[in-house]
1. Taking the range 88-116 as the search range and keeping residues that are under 14 Å from ARG158 (Cα atoms) and of a type in the set (Gly, Ala, Ser), which one is surrounded by the fewest Cβ atoms within 10 Å (Cβ to Cβ)?
2. Among the helices (runs of 4 or more DSSP H) confined wholly to the range 191-274, which include 1 or more residues that are touching a residue at least 60 places away in the same chain (Cβ under 8 Å), under 19 Å from ILE131 (Cα atoms) and β-branched (Val, Ile, Thr)?
3. Give me a count of the residues in the range 6-60 that are among the basic types (Lys, Arg) and not in a loop (DSSP other than H, G, I, E, B).
4. Could you say which residue among MET258, MET185, MET262 is in the same structural domain as GLN77 (by TED's automatic domain parsing), modelled with pLDDT of 95 or more and more than 23 Å from TYR79 (Cβ to Cβ)?
5. Among (1) modelled with pLDDT of 95 or more; (2) more than 23 Å from LEU202 (Cα to Cα); (3) part of a loop (DSSP other than H, G, I, E, B), where does ASN3 come up short?
6. Inside the range 71-100, can you point out the residues that are outside any helix (DSSP H, G or I) and within 23 Å of PHE117 (Cα to Cα)?
7. Conditions: (1) out of contact with any helix residue (DSSP H, G or I) (no Cβ under 9 Å at 6 or more places or on another chain); (2) assigned to a strand (DSSP E or B); (3) of a type in the set (Val, Ile, Thr). ILE114 meets all but one. Number of the miss?
8. Restricting to the range 162-190, give me the number of residues that are touching a residue at least 40 places away in the same chain (Cβ under 8 Å), farther than 21 Å from ALA116 by Cβ, assigned to a loop (DSSP other than H, G, I, E, B) and not polar (S, T, N, Q).
Amino acid sequence: MVNQKYVLVSACRNEDAYIDGLIDCVAMQQRRPACWIIVDDGSTDGTYARAALRLQALPFLKLVKVSGSHSRNFTSQVYAAQYGYEMVKGEPFDFIGFLDADIRLASDYYEKVIQAFENDPQLGIAGGVVIDQYHDRRAGSRRGSENYHVAGGVQLFRKECFEQIGGYTPIDGGGQDTIADVMAMMHGWRICSFPEIMAEHLRPDGTAGDNMLAHGMKWGRKFHLLGYHPLYYLGQCIRRLGWRPYVVGSLCQLMGFMVAAMRHERRPVSPEFVCFLRKIQMQRLRSTLRVPAGTGR
């Protein structure tokens, strides 16, 4: 496969502090996108104006502004991303990527990811491993899920895969990237985030203004809505006991999961999706605990 093309979509809202750095990252890529749509989702700061200043120097960059009377949330981000996709879906391309404003990439990032696609025809979603950059440390919070999850801020899809799963599913509280991963696997595609390809995340979850309890409750609720198996999520919370904020963070997340379960909150995914996801999770849990297949449910 020679000279395969990719397009990018970035849904942005009030990213004045990050937009220039994002554009610099894409501009310096060894393999540039055929088209990049920045969708300004109703910013009230200088995001749109800053991006507009870069248009003349970057002919592949397009900027569109959509109305946004809503507050910043994951559902609006999905709609903005889908809006961007509608603008490029008629163009000839092989891969479509979604890139968050607070992500920073090395200049060979897309060159390497597309090479991985070329090496594996069954690869449906790929990306680098995302490293969270805190003010006092760096952390790889997604360790162990490289073959099951690619972080939404850097997801690159094979075009056929993205179209087959119907794009992103809006979900209150986030998790559209996980839904995309699972739906792709349900259709027989492979998922992989490559440890040798890294992306830096400048605004890790939990730094957007929520207090510890509120953030943990939202986080736990999200994984209930995604359909996580309770035992698997309990295992995740136990694994995170030693992560900052120590112990309390995990307990708050577990509480959020349990409260959402007791309320029987409606999920945006099908029962088949939940069954498939839980089957994978229990296989991973058995493998971790070295429990023979067929033991338990």
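1. Among those that are under 14 Å from ARG158 (Cα atoms) and of a type in the set (Gly, Ala, Ser), it is ALA116.
2. none
3. 1
4. MET185
5. With (1) modelled with pLDDT of 95 or more; (2) more than 23 Å from LEU202 (Cα to Cα); (3) part of a loop (DSSP other than H, G, I, E, B) applied to ASN3, the lone miss is (1).
6. We begin by selecting, within the range 71-100, every residue outside any helix (DSSP H, G or I); these are 71-73, 89-100.
LYS89, GLY90, GLU91, PRO92, PHE93, ASP94, PHE95, ILE96, GLY97, PHE98, LEU99, ASP100, listed by residue number.
7. Just one mismatch for ILE114, condition (2).
8. Going through the range 162-190 one residue at a time, the tally reaches 8.
The values are calculated or read from the model by the stated rules, or taken from the named source; none is laboratory data. Nothing here was measured: the structure is a model prediction, and the numbers come from that model. Cβ coordinates were reconstructed from backbone atoms using ideal geometry, including for glycine residues, and neighbour counts include every protein chain displayed.
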